[in-house]
Amino acid sequence: MRSAKIVGVGSYAPPKVLTNKDLEKMVDTSNEWIIERTGIRERHIADDKTATSDIGLEAARRALEDARINPEELDLIIVATVTPDFIFPATACLIQDRLGAKKAAAFDLEAACSGFIYGLSVARGFIASGEYDTILVIASEALTKITDWEDRATCVLFGDGAGAAILKPAEEGQGILSSYLRADGGNWDLLRVPAGGSRLPATHDSIDKRLHYMKMEGNKVFKIAVQSMTEAAIEGLKRAKIKIKDLSLLITHQANARIINAVAKRLGLPPEKVYINLDRYGNTSAASIPLALDEAVKKGKIKKGDLVILVAFGGGFTWASAVIKW
Ligand code: ACO
């Protein structure tokens, strides 16, 4: 079985920035509350003309450039998203066309905020089996399109952005050392968009009741997120036969600084080994980990040979980890 490694990363966020001060004018909230309860200061917002494929395309181009790979070399494109351009066709097909990746198969993957790690794991499996050699995994979200700007409990949390990674075969013991994927559908209703799918197609009533926007029971999600991400990290490290003390960096899903710090504390990791950028992006669901990963690589926080763990938690519920030797 072949190993797989990341040979290039890229990310992109739409230029428009919405600050906490801007939100103070929209709902009953304050800059202080948002920073204290979440760690978020500002987030990027897509304009009316920009959809998830536009954001993901730019991240993909940057990852291809970073990997010095031509789009025609791609065998497969996976797009992790909860905010596809359309119910169908897949956002991955739209990006495949615009990249000119003529040879590539393409599909979307939905695992909410864990989508990037789920995507990495699927890509790793295709490389291990020998079916594909060059795979592009993109996580792209336009979450602000499904954000209820009248609900202060959720609208302060989310932002738009994308991150991408190119995977190729690697020597044994290099690249992705382990992946761990979990799900628990028993809690599906704690974090969801109630309408717009086959359960409740769009009607005047569903729109009047604001059912096409994200709903979240934040407090319950918070507790389960901390437990699940801690478990995913421990299990992922066990599978990779790596000790916590040997890790160079932890990159978790960027939902809330208090969640990230609680996970790091349970794992016994000092703050300098934890990467946080949610202060500038908010929660970008599947995109948050590759956005942070790209930033950490470009800032020189991850160097060749470093051991990095990615850990995610999201709607579904889903949770996951991946241990990578960079
Ligand atoms: N501004 C001011 N006050 C607010 C705001 C706001 N924006 N939002 C809520 N409040 C109030 C509430 O009304 C409540 O007031 P009350 O005590 O008078 O009733 C009080 O603040 C506390 O509310 P809580 O919901 O208990 O606040 P909490 O500390 O739990 O923080 C938050 C809320 C930030 C949502 C947190 O629960 C959280 O981060 N949850 C997890 C999110 C997450 O991890 N998601 C992962 C997946 S995301 C995805 O898949 C897309």
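The values are calculated or read from the model by the stated rules, or taken from the named source; none is laboratory data. Keep in mind that this is a model prediction, so the values were computed, not measured. Cβ atoms come from the backbone with ideal geometry, glycine included; neighbour counts cover every protein chain shown. All accessible areas refer to the heavy atoms of the entire protein, side chains included, with ligands and DNA or RNA removed. Shrake-Rupley method; radii C 1.70, N 1.55, O 1.52, S 1.80 Å.
Using the 1.4 Å probe convention, the accessible area of segment 228-301 works out to 40 Å² per residue with neighbouring protein chains retained. In the chain, the portion of solvent-accessible area held by carbon and sulfur atoms comes to 51 percent [1.4 Å probe, whole percent, DNA, RNA and ligands not counted]. Which of the aspartates and glutamates could a cross-linker span from residue 49 if the Cα-Cα distance has to be under 12 Å and same-chain partners fewer than 8 positions apart are dropped? Straight-line reach from residue 49, under 12 Å: 85. For segment 301-326, backbone nitrogen atoms closer than 18 Å to the point 7 Å from residue 146 Cα along Cα-to-C-beta are found at 313-319.
Overall, the anisotropy analysis places segment 177-325 in the prolate class: the square-rooted eigenvalues a ≥ b ≥ c of its C-alpha gyration tensor yield a/c not less than 1.5, with a/b exceeding b/c. Of the trypsin sites (Lys or Arg not before Pro) found in segment 1-107, those that fall in a DSSP loop while having at most 14 other beta-carbon atoms within 10 Å are 16, 25, 49, 68, 102, 103. Maximal additional length on extending the residue 207-residue 65 stretch stands at 46.9 nm, based on 0.36 nm per residue less the C-alpha distance.
Subtracting the Cα-Cα distance of residue 37 and residue 299 from their residue separation scaled by 0.36 nm leaves 91.6 nm. Placing +1 on the Cβ of every Lys and Arg and -1 on the Cβ of every Asp and Glu, with nothing else charged, gives segment 3-172 a dipole about its Cα centre of roughly 280 debye.
Straight Cα distances below 16 angstrom link residue 241 to the aspartates and glutamates 172, 231, 306, with same-chain residues fewer than 8 positions distant left out. Two numbers describe the Cα atoms of the chain: Rg and Dmax, which are 18.6, 56 Å. Rg and Dmax of segment 3-172, both derived from C-alpha coordinates alone, stand at 17.3, 54 Å.
Entry comment: accessible area of segment 50-130 is 41 Å² per residue, from protein heavy atoms only and a probe of 1.4 Å.
The stretch between residue 26 and residue 219, if pulled fully straight at 0.36 nm per residue, gains 67.2 nm over its current Cα-Cα span. Summary value for segment 1-67: 51 percent relative contact order, contacts being C-alpha pairs under 8 angstrom separated by 6+ residues. For residue 151, the accessible area of its heavy atoms, probed at 1.4 Å with every protein chain present, is near 50 square angstrom. Legend: translational diffusion of segment 70-163 by Stokes-Einstein, Rh = Kirkwood radius over C-alpha pairs, 25 °C, 0.890 mPa s; D = 174 µm²/s. Using a 7 Å offset from the Cα along the Cα-to-Cβ direction at both residue 49 and residue 244, what is the distance between the two label points in nm, to one decimal? Distance between the two pseudo-spin positions: 5.0 nm. For the listed residue pairs 5/265; 5/299; 5/298; 220/325, the alpha carbons are over 23 angstrom apart in 5/265; 220/325.
A probe of 1.4 angstrom, applied to the heavy atoms of all protein chains, finds residue 216 with accessible area near 60 square angstrom.
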